[in-house]
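Step one of this worksheet: look at the structure below.
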Protein chains: 4
Amino acid sequence: MSDNSFGRLFRVTTWGESHGPAIGCVIDGCPPRLKLSEEDIQPWLDRRRPGQSRFTTQRREADRVKILSGVFEGQTTGTPISLLIENTDQRSRDYGEIAQRYRPGHADIAYDLKYGIRDYRGGGRSSARETAMRVAAGAVARVVLRELVGKHLTIRGALTSIGSLSIERERWDWGEIERNPFWCPDAEILPQWSAELDRVRKSGSSIGATLEVVAEGVPAGLGEPVYGKLDAELASALMGINGAKGVEIGEGFHAAQLRGEDNADPMYPAEGDAKVPTFASNHAGGILGGISTSQPLVARMAMKPTSSILIPVPSVDRTGAPVEVQTKGRHDPCIGVRAVPVAEAMVACTVVDHLLRHHAQCGW
Amino acid sequence: MSDNSFGRLFRVTTWGESHGPAIGCVIDGCPPRLKLSEEDIQPWLDRRRPGQSRFTTQRREADRVKILSGVFEGQTTGTPISLLIENTDQRSRDYGEIAQRYRPGHADIAYDLKYGIRDYRGGGRSSARETAMRVAAGAVARVVLRELVGKHLTIRGALTSIGSLSIERERWDWGEIERNPFWCPDAEILPQWSAELDRVRKSGSSIGATLEVVAEGVPAGLGEPVYGKLDAELASALMGINGAKGVEIGEGFHAAQLRGEDNADPMYPAEGDAKVPTFASNHAGGILGGISTSQPLVARMAMKPTSSILIPVPSVDRTGAPVEVQTKGRHDPCIGVRAVPVAEAMVACTVVDHLLRHHAQCGW
Amino acid sequence: MSDNSFGRLFRVTTWGESHGPAIGCVIDGCPPRLKLSEEDIQPWLDRRRPGQSRFTTQRREADRVKILSGVFEGQTTGTPISLLIENTDQRSRDYGEIAQRYRPGHADIAYDLKYGIRDYRGGGRSSARETAMRVAAGAVARVVLRELVGKHLTIRGALTSIGSLSIERERWDWGEIERNPFWCPDAEILPQWSAELDRVRKSGSSIGATLEVVAEGVPAGLGEPVYGKLDAELASALMGINGAKGVEIGEGFHAAQLRGEDNADPMYPAEGDAKVPTFASNHAGGILGGISTSQPLVARMAMKPTSSILIPVPSVDRTGAPVEVQTKGRHDPCIGVRAVPVAEAMVACTVVDHLLRHHAQCGW
Amino acid sequence: MSDNSFGRLFRVTTWGESHGPAIGCVIDGCPPRLKLSEEDIQPWLDRRRPGQSRFTTQRREADRVKILSGVFEGQTTGTPISLLIENTDQRSRDYGEIAQRYRPGHADIAYDLKYGIRDYRGGGRSSARETAMRVAAGAVARVVLRELVGKHLTIRGALTSIGSLSIERERWDWGEIERNPFWCPDAEILPQWSAELDRVRKSGSSIGATLEVVAEGVPAGLGEPVYGKLDAELASALMGINGAKGVEIGEGFHAAQLRGEDNADPMYPAEGDAKVPTFASNHAGGILGGISTSQPLVARMAMKPTSSILIPVPSVDRTGAPVEVQTKGRHDPCIGVRAVPVAEAMVACTVVDHLLRHHAQCGW
């Protein structure tokens, strides 16, 4: 079986290759009577779009999303929402080399091993271009959350390290995120990041990164025991992003070094009219037993350095003969940067899916 | 919706509470005409069983698995395989305290928030007891892999750290695993681990751990773009284990610190009659673009310290009133230890599921 | 893939062979906090049980259902409900003949063609014994409907013809159903049916039948466009019952002979405080565009004559050699009779599944 | 949840409204390396297209299908195949009446009851226009069957009755199908059908019909016990077509009148190099125990008369007030006619889906 769908009840199916005529997705299961227009989606795509600084690939895509179905007179109708973006920047070029050679770290050889064929133009289906539709679907998910839960629910991501340069958590400022091209919440580290990325880019290399997504205002009770746990599905959602190599929830790998009393989140009586106790800390990352507790969901992920580098790496071609691969062309030196809005979108889709799943069994 | 099933085509549905009459699972989709008996399953359960050393809970369960369907004259028939284990150690006791108080770090409050009811006896459905059925299903998955792929396919797990005491990778010896109660591949660190766990246990505390599962001999081509990627599904499979807080594939979080050339896995022409190139390294952990490459699959995970500790932690009861929770009774000081066979089993089930999925679309 | 599960959100997975140690099912997705005990299920099983009149097989099964999980202190907990019935009437006998010969009209040859192996004892997995678990799951579905919709929702079935002897619809009396062994709503036709069945039985033959299930009080709005239509899923649910050869909704095949004006269901303003218009007729069978309208759901099905007959039929054995098959042993002369409670149960499960599906997207 | 997808492993998701900018579908799970172009799909759409005779609606759609993804250099790549047809005949018109009034027999009221909103233009999502994508997907399914099974596998449909005018089965001639606008296999009944349809059309009425689909050359072993039986899924596939009211397999409802010996399909030793015995008859319709036997699959269905008629029918408007509805505009007097290629397509998709499902568990 193939599996180009995400979610069970808020089900997103994406399609399209990097250099085909278009990419798109179908969202099935969106609740009816929600206000939705292309204006709700486009800004999120614009945030992800490449070519906005010298730190991302110079591919220029207008990336104008069109809603082809499922919306009538400005409202969702409950029928599938089809979104489409035309590929307008398919430069005609010679693909001879990429067609024959397997780029190390890329899906090239894996697709050939699996399917015996691959659309090699720009990476085809395995291109990060596919993630545009994740962002589009995430924008629709945000509309659902705004209407069904409320505006106090926020899902925000930030880049937390580039290479070995980590932010200082004490300086975390969400407002800063929108003021720099790195989704960086720590203004002071920016000059170092810029310098490092310039070094990396000039040397034809690339660099890894970590990022974090925080969802605040998520209702308690979301997540399905025992194989559809919210943390398990967030892990899957994030690990499925191109280049992801690790996922953490809450305290994450650090929890492996802690004693029980240091990892405990003490609870105190609920404050005000809250229905849920006050937690003194959030080592758990907002999830207990796979179910949200109304604390902030905190997920972190590791992105590998871009595999496409100017530095030659030994490889083989389709005949199995030895070659050296040196990837020219437009590439992000740090794919972690542009992964931030994608990770946010995946979290948004996961939360909506679980919201509807919870509704089904336990009521609204 | 609820979600007590794992896998798409090799579909495992588990049921049962810690202190109910029994636990069990149904495996649907197992290929027919494979030799299978209880003797193929029981040894794996025995490996996981608690009470085998002073480092695990003293709960004693015979854990005799029974096959109730799907096997005829020693062979699988292609119909669902029902497995059942009776709960024989349901000590009658007073649950008054656990019934009313929310244990910090446990699913108690989350189940109440979600369902408005919970079987509090021994943690009910959220108890680690459920993982016995994962191990049982994993044993059946191993039979499928042995028959469909071959005996050269191995799936093995090891504990790689307890607290801040990590093994030395140069000393890794798979043979050592079977000779100690920790699944530890490094004989030299054993005395330190024993001492540390004794300290932890005596202080009424608990400690976190990391573990690693390596699957060798997995065929190339498994994994489904773009939302059923093998790494994404491994992440989900492992993060869904009770107490998991992080998952890594291959280089994992360390990749976030690397340059592209340091994370690259150079390829060289295939050796002998291999169909797949030789990889000079395995930073990728055996997966490119979500698809296996025939290199070893390498997954790592972080386990939090056991939440049940003798040290009191502030909490609330069902009425919202403040209480202190101090968990007496039988508990593992380090749940990471017993998670090893569970993690192996989840990887085995994931690989079989993807093997069948690949068969469906691309042939055997 | 195998598919021993029914439903999406109210998901029933059955397992077990006719002559294995037990049969069972797991129900995943049942809403929490519903009163449920074995006493809610057993009466429905008793209704279906064979051996209650001379018109059904004399196999005697106590068929005592046990709830093994998912219920705590008399209420559902939202976790999977495991039901089990032991097979107590597995007569030891010589299966040599049925093991080697393919009974015409049975699944024997089909299982061998598919799996290359089959549990031939009593038909194994393809035995009608499996339908006991459908009835058990249907009983749980009825509890859900009673709690979530109300007692005014009824799902009732009736046998409408045996061979060419059809009931008179004007004489339809639901009360009569419980007073005869045929689920017959027409008291006057009973003597003819009895005589016909006696003739059939004595001649070693069997006879077909039709039955009808009517669900009243089903809320409007259930059914999912465009591939999960309520009528499509009812069709699947009923056609999946052993021996079913046809399914109709509302006017059914007769609609193919009608003019548009004769098949129209005129609507008039809602009466009283009803939210839905008054329909002057119900040719539609309660479903428009795949969605329930609050009119009674009406489904009809055709059951073939029992394939097991004393009259010899030419067949082949496993080696392909010609044989004659004459089925001795315990068999219902008219499997349609015992299909009535099974069909009711399938309708109940389908309606609950769609109720939860509707809740998920559109609210309670 | 919404459900606009069909199939498990050959998964078709359709989207689009009658008068939106376009309709489309995404096919996920198609095996790789099959030759596929728009030329493989277009002819099947042309067969279904309205406006080809005076007996179908005069809506004129070019219905040019475009492949937007999943095909590279003329071959499928294993990635999702996106198909799109622009809606070119969206006549601007006044929808005031249909917007406010519920057309009897249509989904209008049902969509409003379910979603509280509907795209009323041309019936929106519930329009038969959606079936164009079923035909397109069916064309891709035929390509898969041709490549994976062979050209001897044929799936053909025929109209078998209009109103009470049934064909004579002895005169059945598949060649005739292509020579008349009714998919009629019986040349002699054609004049009567034409006359009847003219009468119906002139009187502003409509008429029901039955049709039959026969699939020959389907391999043995397809179908999944016990809830994914091939007959159950064919029933669902056909009952989900707009206007369907009944489905039969093989002997169908007639089986309910038969004795066991008359419904039996005797088997004789296989002829030539066939692996499957010779069946002397096919009352079973090619399926035993839910599994194909290699005999022809025979499915029949009943289509209701078109609900849109010029004859006024009492109804209500959105406010609940009484109105009379008289449907002007372009409508087929007998929707059964154009359902034939749709039914063929649904059978083709069902067979491919089960072929892949069988492969997954039991091998190719």
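Taking the condition of being part of a loop (DSSP other than H, G, I, E, B), in contact with a strand residue (DSSP E or B) (Cβ under 9 Å, 6 or more places away or on another chain) and open to solvent by 40 Å² or more (accessible area, probe 1.4 Å), how many residues in segment D:318-353 meet it?
So the count comes out to 2.
Given the criteria at pLDDT 95 or above, buried (at least 20 other Cβ atoms within 10 Å of the Cβ) and in a loop (DSSP other than H, G, I, E, B), does residue A:285 qualify?
Details: at pLDDT 95 or above: yes; buried (at least 20 other Cβ atoms within 10 Å of the Cβ): yes; in a loop (DSSP other than H, G, I, E, B): yes.
When the stated conditions are applied, residue A:285 passes them.
Checking residue C:307 against (1) within 7 Å of chain D (Cβ to nearest Cβ); (2) closer than 28 Å to residue D:130 by Cα; (3) open to solvent by 20 Å² or more (accessible area, probe 1.4 Å), which single condition isn't satisfied?
(2)
Just one of the numbered conditions (1) open to solvent by less than 20 Å² (accessible area, probe 1.4 Å); (2) of a type in the set (A, V, I, L, M, F, W, C); (3) facing another protein chain (nearest Cβ under 7 Å) is not true of residue D:253; which one?
Exception for residue D:253: condition (1).
Any idea which of A:116, A:138 is within 19 Å of the chain's Cα centre (by Cα) and among the small types (Gly, Ala, Ser)? Write out each step before concluding.
Working: A:116 fails: within 19 Å of the chain's Cα centre (by Cα).
The conditions single out A:138.
Going through D:301, D:267 one at a time, which residue ends up being of a type outside the set (Val, Ile, Thr), within 27 Å of residue D:344 (Cβ to Cβ) and open to solvent by less than 10 Å² (accessible area, probe 1.4 Å)? First the steps, then the outcome.
Values: D:267 fails: within 27 Å of residue D:344 (Cβ to Cβ).
Being of a type outside the set (Val, Ile, Thr), within 27 Å of residue D:344 (Cβ to Cβ) and open to solvent by less than 10 Å² (accessible area, probe 1.4 Å) holds for just one of D:301, D:267, which is D:301.
How many residues does segment A:1-27 contain that are within 14 Å of chain B (Cβ to nearest Cβ), modelled with pLDDT of 95 or more and over 20 Å from the mean Cα position of the chain (by Cα)?
Final tally of qualifying residues: 0.
Which numbered condition trips up residue C:275, out of (1) touching a residue at least 24 places away in the same chain (Cβ under 8 Å); (2) open to solvent by less than 30 Å² (accessible area, probe 1.4 Å)?
Status for residue C:275: all satisfied but (2).
Examine segment D:176-186 for a residue that is surrounded by fewer than 13 Cβ atoms within 10 Å (Cβ to Cβ), at pLDDT 95 or above and assigned to a helix (DSSP H, G or I), and state whether such a residue exists.
Filtering segment D:176-186 down to residues surrounded by fewer than 13 Cβ atoms within 10 Å (Cβ to Cβ) leaves D:178-179.
Next cut, at pLDDT 95 or above only: none.
Looking for residues that are surrounded by fewer than 13 Cβ atoms within 10 Å (Cβ to Cβ), at pLDDT 95 or above and assigned to a helix (DSSP H, G or I), one finds none in segment D:176-186, hence no.
So if I check each of C:115, C:111, C:120, which one is touching a Pro at 6+ places or on another chain (Cβ under 6 Å), within 14 Å of another protein chain (Cβ to nearest Cβ) and without any contact (Cβ under 8 Å) to a residue 60 or more places away in the chain?
Working: C:111 fails: touching a Pro at 6+ places or on another chain (Cβ under 6 Å); C:120 fails: touching a Pro at 6+ places or on another chain (Cβ under 6 Å).
Of C:115, C:111, C:120, the one residue that is touching a Pro at 6+ places or on another chain (Cβ under 6 Å), within 14 Å of another protein chain (Cβ to nearest Cβ) and without any contact (Cβ under 8 Å) to a residue 60 or more places away in the chain is C:115.
Would you confirm whether or not segment C:132-153 contains a residue that is more than 8 Å from every other protein chain (Cβ to nearest Cβ) and at pLDDT below 95?
Step one: of segment C:132-153, the residues more than 8 Å from every other protein chain (Cβ to nearest Cβ) are C:132-153.
Narrowing the set further to residues that are at pLDDT below 95 leaves none.
No, segment C:132-153 contains no residue that is more than 8 Å from every other protein chain (Cβ to nearest Cβ) and at pLDDT below 95.
Out of segment C:288-302, which residues are in a strand (DSSP E or B) and free of Cβ contacts under 8 Å to residues at least 40 places away in the same chain?
Of the residues in segment C:288-302, the ones in a strand (DSSP E or B) are C:288, C:291-292, C:297-302.
Scanning segment C:288-302 gives a single hit, C:288.
Of everything in segment B:1-54, what is of a type in the set (Gly, Ala, Ser) and under 20 Å from residue B:237 (Cα atoms)? Give them in sequence order. Working first, answer last.
First pass over segment B:1-54, keeping only residues of a type in the set (Gly, Ala, Ser): B:2, B:5, B:7, B:16, B:18, B:20, B:22, B:24, B:29, B:37, B:51, B:53.
Residues satisfying the conditions are B:2, B:5, B:7, B:16, B:24, B:29.
What about residue B:296, is it out of contact with any Phe, Trp or Tyr (no Cβ under 9 Å at 6 or more places or on another chain), at pLDDT 95 or above, more than 7 Å from every other protein chain (Cβ to nearest Cβ) and open to solvent by 10 Å² or more (accessible area, probe 1.4 Å)?
Details: out of contact with any Phe, Trp or Tyr (no Cβ under 9 Å at 6 or more places or on another chain): yes; at pLDDT 95 or above: yes; more than 7 Å from every other protein chain (Cβ to nearest Cβ): yes; open to solvent by 10 Å² or more (accessible area, probe 1.4 Å): yes.
Answer is yes for this residue.
Of all residues in segment C:69-85, which are touching a Gly at 6+ places or on another chain (Cβ under 9 Å) and over 16 Å from residue C:29 (Cα atoms)?
Matches in segment C:69-85: C:84, C:85.
If we keep just the residues of segment B:199-245 that are more than 9 Å from chain A (Cβ to nearest Cβ) and free of Cβ contacts under 8 Å to residues at least 40 places away in the same chain, which is most open to solvent (accessible area, probe 1.4 Å)?
This residue is B:202.
I'm checking my understanding of the structure. Among residues of segment A:155-175 that are closer than 25 Å to residue A:141 by Cβ and of a type outside the set (Val, Ile, Thr), which one is nearest to the chain's Cα centre (by Cα)? I'd like the intermediate steps shown before the answer.
Restricting attention to segment A:155-175, the residues satisfying the condition of being closer than 25 Å to residue A:141 by Cβ are A:155-160, A:172, A:174-175.
Pick out the ones that are also of a type outside the set (Val, Ile, Thr) and you get A:156-159, A:172, A:174-175.
On the way: A:156: 11, A:157: 9, A:158: 11, A:159: 12, A:172: 21, A:174: 18, A:175: 20 Å.
Selected residue: A:157.
What is the one condition in (1) of a type outside the set (Lys, Arg); (2) modelled with pLDDT of 95 or more; (3) on the phi > 0 side of the Ramachandran plot that residue D:123 does not satisfy?
Here residue D:123 meets the rest and fails (2).
On the given criteria, is residue A:280 modelled with pLDDT under 95, aliphatic (A, V, I, L, M) and surrounded by fewer than 23 Cβ atoms within 10 Å (Cβ to Cβ)?
Spelling it out, it is not the case that residue A:280 is modelled with pLDDT under 95, aliphatic (A, V, I, L, M) and surrounded by fewer than 23 Cβ atoms within 10 Å (Cβ to Cβ).
Taking segment B:100-126, which residues are over 16 Å from residue A:267 (Cβ atoms) and surrounded by fewer than 22 Cβ atoms within 10 Å (Cβ to Cβ)?
Result: B:116, B:117, B:121.
Can you tell which of D:30, D:25 is in a strand (DSSP E or B), of a type outside the set (Gly, Ala, Ser), crowded, with 21+ Cβ neighbours inside 10 Å and touching a residue at least 24 places away in the same chain (Cβ under 8 Å)? Don't jump to the end; show me each part of the working.
Numbers: D:30 fails: in a strand (DSSP E or B).
Criteria check complete, one pass: D:25.
Every residue in segment A:141-163 that is touching a residue at least 60 places away in the same chain (Cβ under 8 Å), in a strand (DSSP E or B) and open to solvent by less than 40 Å² (accessible area, probe 1.4 Å), please. Let's see the steps before the verdict.
As a first pass, look at segment A:141-163 and keep what is touching a residue at least 60 places away in the same chain (Cβ under 8 Å): A:141-145, A:147-150, A:152-160, A:162.
Adding the requirement that they be in a strand (DSSP E or B) leaves A:154-160, A:162.
Scanning segment A:141-163 gives A:155, A:157, A:158, A:159, A:160, A:162.
Among all residue pairs at least 6 apart or on different chains, which show Cβ distances below 6 Å where the first residue, located in segment C:76-87, is under 19 Å from residue B:18 (Cβ atoms) and more than 7 Å from every other protein chain (Cβ to nearest Cβ) and the second is in a loop (DSSP other than H, G, I, E, B) and of a type in the set (A, V, I, L, M)?
From segment C:76-87, the pairs are C:76/C:34; C:76/C:36; C:84/C:68.
The values are calculated or read from the model by the stated rules, or taken from the named source; none is laboratory data. Every value quoted in this text rests on a predicted model; they were computed, and no experiment measured them. Glycine gets a Cβ as well: all are built from the backbone with ideal geometry, and neighbour counts include every protein chain shown. SASA here: full protein model, heavy atoms, side chains in, ligands and nucleic acids out. Shrake-Rupley method; radii C 1.70, N 1.55, O 1.52, S 1.80 Å.
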